[in-house]
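Notes for the one structure printed next.
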Amino acid sequence: MDLLEKKIKLSDIDTIALFGYNDMHLKMIENKFHSTINVRGDTMTVRGEPIEVKLIEKIIDELRYSLNKKGTLQTDEVMEILGLADSITPINYSNGNSITSASRPETVIIQGKKDGIKVKNPHQQQYVDKVAANDVVFAIGPAGTGKTFLAVAMALAALRNNEVNRIILSRPAVEAGESLGFLPGDLNEKVVPYLRPLLDSLGDMLTPEKLKSMSEKGIIEIVPLAYMRGRTLNNSFIILDEAQNATITQMKMFLTRLGRGSKAVITGDITQIDLPGKHDSGLADVRHILQGIPGIEFSYFDKTDVVRHRLVADIIDAYEKNADKYGE
């Protein structure tokens, strides 16, 4: 479908009051849709599918009306207007998106660029339900079971429903056995190879233009685990991928970054630990340390949950049968 670009003049309104402190209202609108929104001076430019662009224009009109009538615009009013928009948009983002309400099998967690992201099996359903009910969830199982992909979908759904303000995705960079400081290029060039799977998941749900816009605005942040130290992450949906390669110390550091209004999902496969010492894996260790703590849950997958190519499950099975031969 051809994209529509619409320029909306805002010269008759106080844009600071309209968009809120630190552009909070503007971010809420942008997070809700696939379209990109940019503001320069008194002009807002919206680019996306025609139906969405027209809907965003209607939302802005409603916000302007409310602001002119009352003189102020509160966050809850913006959320109410965005909620009303769900009833008239063809893609109902409130249907099964919210991580605060349990999803049902075959319901859409979030609408991707083409198709809805759906739960495909009972273990995925349990996973989604646990994320809905808890602030920290560990998803452990083999490659291809949808652990990371669903986590990204749930994070985007939470963002679009204004349950969080940003998404932070992280991974330990240990595969090459090298320190990031010794790799060539700037920080972005150093870490992109490690973070590519996270970018691929986002790329299935967001247009490149939208992903770039949200990254530039800090709404989506992709960062190596080593750069998480010292931060407190409030109102965020935080995903740690390939967590089997985080050391025990790194895992503790990551889990203690959690701030107010945040959720964390930690994914990994304890059969694919790349650390020099297998017993140093923070993911393997944390299963024993954090069991039974309210608000923390574990979700387990096995080879029967693989949703990639049909041969992936057979490959996993073959390696499991030969584990003793290779001393694993």
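Do any strands (runs of 3 or more DSSP E) lying entirely in the stretch 1-84 carry at least 2 residues that are open to solvent by less than 50 Å² (accessible area, probe 1.4 Å) and among the β-branched types (V, I, T), and which ones are they?
Values: elements: 4-9, 36-40, 43-48.
Result: 36-40, 43-48.
Just for the stretch 132-169: of the residues that are in contact with an Asp or Glu (Cβ under 9 Å, 6 or more places away or on another chain), open to solvent by 10 Å² or more (accessible area, probe 1.4 Å) and assigned to a helix (DSSP H, G or I), which one is farthest from N121 (Cα to Cα)?
Residue satisfying both the conditions and the ranking: A133.
Which residues, counting only those in the stretch 239-281, are open to solvent by less than 10 Å² (accessible area, probe 1.4 Å) and over 22 Å from the mean Cα position of the chain (by Cα)?
Within the stretch 239-281, just S281 meets the criteria.
From the list L258, L290, L283, which residue is hydrophobic (A, V, I, L, M, F, W, C), modelled with pLDDT of 85 or more and closer than 18 Å to A155 by Cβ?
None of the other options fit; the residue is L258.
Only one residue in D241, D269, D200 is in contact (Cβ under 8 Å) with a residue 60 or more places away in the chain and either out of contact with any strand residue (DSSP E or B) (no Cβ under 6 Å at 6 or more places or on another chain) or of a type in the set (K, R) (or both). Which one? Steps first, please.
Values: D241 fails: either out of contact with any strand residue (DSSP E or B) (no Cβ under 6 Å at 6 or more places or on another chain) or of a type in the set (K, R) (or both); D200 fails: in contact (Cβ under 8 Å) with a residue 60 or more places away in the chain.
That would be D269, the only listed residue that is in contact (Cβ under 8 Å) with a residue 60 or more places away in the chain and either out of contact with any strand residue (DSSP E or B) (no Cβ under 6 Å at 6 or more places or on another chain) or of a type in the set (K, R) (or both).
Can you find, within the stretch 28-47, the residue that is nearest to L63 (Cα to Cα) among those that are touching a Leu at 6+ places or on another chain (Cβ under 9 Å) and of a type in the set (K, R)? First the steps, then the outcome.
At the first step, the residues of the stretch 28-47 found to be touching a Leu at 6+ places or on another chain (Cβ under 9 Å) are 28-29, 31-35, 37, 39, 41-44, 46-47.
Subsequent filtering for residues that are of a type in the set (K, R) retains 32, 47.
Values: K32: 15, R47: 19 Å.
Here the answer is K32.
With L159, L169, L150, L180 as the choices, which residue is modelled with pLDDT under 85 and among the hydrophobic types (A, V, I, L, M, F, W, C)? Before you say what the answer is, go through the steps one by one.
Values: L159 fails: modelled with pLDDT under 85; L169 fails: modelled with pLDDT under 85; L150 fails: modelled with pLDDT under 85.
Going through L159, L169, L150, L180 in turn, just one is modelled with pLDDT under 85 and among the hydrophobic types (A, V, I, L, M, F, W, C): L180.
The values are calculated or read from the model by the stated rules, or taken from the named source; none is laboratory data. Being a predicted model, the structure only gives us computed values, none of them experimental. Positions of Cβ are backbone-derived with ideal geometry, glycine not excepted, and every protein chain shown enters the neighbour counts. Surface areas here come from the heavy atoms of the whole protein model, side chains and all, with no ligands, DNA or RNA. Shrake-Rupley method; radii C 1.70, N 1.55, O 1.52, S 1.80 Å.
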